[in-house]
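Report on the following structure.
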Amino acid sequence: MTARDEHSYYRELKDGTIKQVNPFTGVQVWTVPGRGSRPLNRPIPNPRPITDADRVATCAFCQNRTLETPPEKSRLISTLSDGAYGAGDSSEIMRGYRVLRHLPAGEVGSTTAEFRRIPNLFEILSWEYWHENHGLELPSEARQWQEEYLSDPTGLAHVQRVLDAKFAAQGLDLRAARLSPDQLRSESAAFFAGGHDVVVARRHYTDDATTTAGLAGSGTLSPLEHRAFTAATVSTIADLYASNPEARYVVAFQNWLKPAGASFDHLHKQLVAIDEIGHSNDEVLSRVAADPAMFNQWGPDFAIDHNLVLAANDHAVAFVGFGHRYPTVEVWSTSARDQPWKMTTEEVDAVSDLLHAIHLSVGADVPSNEEWHYRPVGVEMPMPWRILLKLRVSTLAGFEGSTKVYVNTISPASLAARLLPRLLDARMAGKLAEMRIGAECDLPRGVLASVN
């Protein structure tokens, strides 16, 4: 198989079956006629009316339950609505928002957080993993924050309450109040310097929702809110690298709705520092080592040739991808930079705007996984920043397990045909940032500056 042989990667058979092999991962996918008429949407079953309390206290990520999660590392507040900035260290992050860092427990109710960065209570790689295997110690800033937080009675009570909830979930016969000061510092270290963070949006339900079916997803944010959500995620990636010299890659992803693996049906992204670049990056690097032009050829160029481009702006392009286990829309940055924290605000916003538009066109009732990919730290080979939105509209079963051939029920062309009218309708309704849609894009081949 050669990198330039389209027949090896994408074949449409006489009966309409499409056999695909993802050029970057090697995943084998078939789209079979007759199985692609299923709807994308999965309406919430048996919705019930919501109360004012439901809007702010449905789950542990809601704004009136902030002390049920570990101490927040930072929050974004709207400078247009909040006059008080609290006692935390603050600085501008972008127009319309201010970031507050390390708020004392007694100050979390003094402002309304549009987005909060908090530690994940159950880390994929625990603080003990980094400490025992890599000798990592709390950075001085994290140690100082921990001491200040625990010396405050409100902060101490908060940490003890969250630790007790964690101990109970783990089935441990421990109580935080019985720990010595040193034990308390050790058990709570992950809250102040852990490598698995969550960026949580404010709303559980949309402002105009009347039932539990009105969940607030990425597409229900305004373009400006989504830019702030994206910027907070990019900032967290950079901070996790800076605080952990042993981190080789920071995985960024979003699980939306329980069928896609979400613990709560509340909008949030997750960031996980790991000490390897991961199999996916290894696979991509091995395949493009001899031909970096593969990114252009099998990304935007293929989409242009097959009329799969959905939208574009000055720094990014969105198109339907192929060779994925689930129907997938891809948003690629066209910047010469390939690590998002090194990009300009305009370049990050461009990706955010297209991603927001795709989420809006898909709908908040479709389970999805959002995967971020970019060049890992320490890797020299260019790798464009790209975000894959995978729609979890089917369930893998015995056939896939036995053959490792995945049946994707919706063809790339069919997905593009479904989403393009929705994008045009959303623009007509004034819900999108400025962008070109469909045939308006008129993109040249080789649009990825980072690999040219």
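How far apart, in nm, are the 7 Å Cα→Cβ label points at Ala169 and Gln144?
The modelled label-to-label distance comes out at 3.1 nm.
Return the calculated 222 nm mean residue ellipticity for the chain, to the nearest 500 deg cm²/dmol, obtained by summing -39500 (n - 2.57) across DSSP H runs with n ≥ 4 and dividing by the residue count.
My calculation for the chain gives -9500 deg cm²/dmol from helical runs alone.
Within region 235-288, which trypsin sites (Lys or Arg not before Pro) sit in a loop by DSSP and count at most 10 neighbouring Cβ atoms inside 10 Å?
Answer in residue order: no site qualifies.
Under a crude label model (7 Å from the Cα following the beta-carbon direction), how far is Asn64 from Thr112 in nanometres?
That separation, rounded to one decimal, is 1.4 nm.
Hey, can you rank 412-423, 343-354 by average C-beta count inside 10 Å, highest first?
343-354, 412-423
Using a/c under 1.5 as the rounded threshold, could you call region 272-367 rounded, prolate or oblate? The axes a ≥ b ≥ c are square roots of the C-alpha gyration tensor eigenvalues, and prolate needs a/b larger than b/c, oblate otherwise.
rounded
Using 0.36 nm times the number of residues separating Leu179 and Ser222, minus their current alpha carbon distance, what extension gain do you get? Working shown, then result.
Values: separation 43, 0.36 × 43 = 15.48 nm, distance 4.54 nm.
That works out to 10.9 nm of additional length.
Distance from the Cα centre of region 175-196 to that of region 294-337, in angstrom?
Computed from Cα coordinates, the inter-centre distance equals 45 Å.
Cross-link partners among lysines for Lys342, C-alpha distance below 27 Å, same-chain residues fewer than 8 apart left out?
Lys73, Lys269, Lys390
With each label point set 7 Å from Cα along the Cα-Cβ vector, what nm distance links Ala53 and Leu13?
Placing both labels 7 Å beyond Cα along the Cβ direction yields 5.7 nm.
Answer rounded, prolate or oblate for region 246-312, using the Cα gyration tensor with square roots of eigenvalues a ≥ b ≥ c: rounded when a/c is under 1.5, else prolate when a/b is larger than b/c, else oblate. Display every interim value, and only then the final one.
Working: a/c = 3.15, a/b = 1.28, b/c = 2.46.
Judged from the Cα gyration tensor, region 246-312 comes out oblate (a/c at least 1.5, b/c at or above a/b).
Just to confirm, what accessible area per residue do you get for the chain at 1.4 Å probe, in whole Å²?
It amounts to 43 Å² per residue over the chain.
Helix 279-288 versus the longest principal axis of the chain: what is the Cα-based angle in degrees, 0 to 90, to the nearest 10?
Approximately 40 degrees, to the nearest 10.
By its C-alpha gyration tensor, with a ≥ b ≥ c as the square roots of the eigenvalues, how is region 381-452 shaped: rounded for a/c under 1.5, else prolate for a/b larger than b/c, else oblate? Provide the component values of the computation, followed by the final result.
On the way: a/c = 2.56, a/b = 1.35, b/c = 1.89.
It comes out oblate by the Cα gyration axes.
Within the accessible area of the chain, what % is carbon and sulfur when the probe is 1.4 Å and the other protein chains stay in place?
Numbers: 9630 of 19260 Å².
The C+S portion of the solvent-accessible surface of the chain is 50 percent.
If R0 is 45 Å, what FRET efficiency do you get for Val407 and Glu128 from their C-beta distance, rounded to 0.05?
The pair Val407/Glu128 has a calculated efficiency of 0.65.
The values are calculated or read from the model by the stated rules, or taken from the named source; none is laboratory data. The shown structure was predicted, so the numbers you read here are calculated from the model rather than taken from an experiment. Every residue, glycine among them, receives a Cβ derived from its backbone with ideal geometry; neighbour counts consider all protein chains shown. In case anyone asks, the SASA skips ligands and DNA or RNA and just uses the protein heavy atoms, side chains included. Shrake-Rupley method; radii C 1.70, N 1.55, O 1.52, S 1.80 Å.
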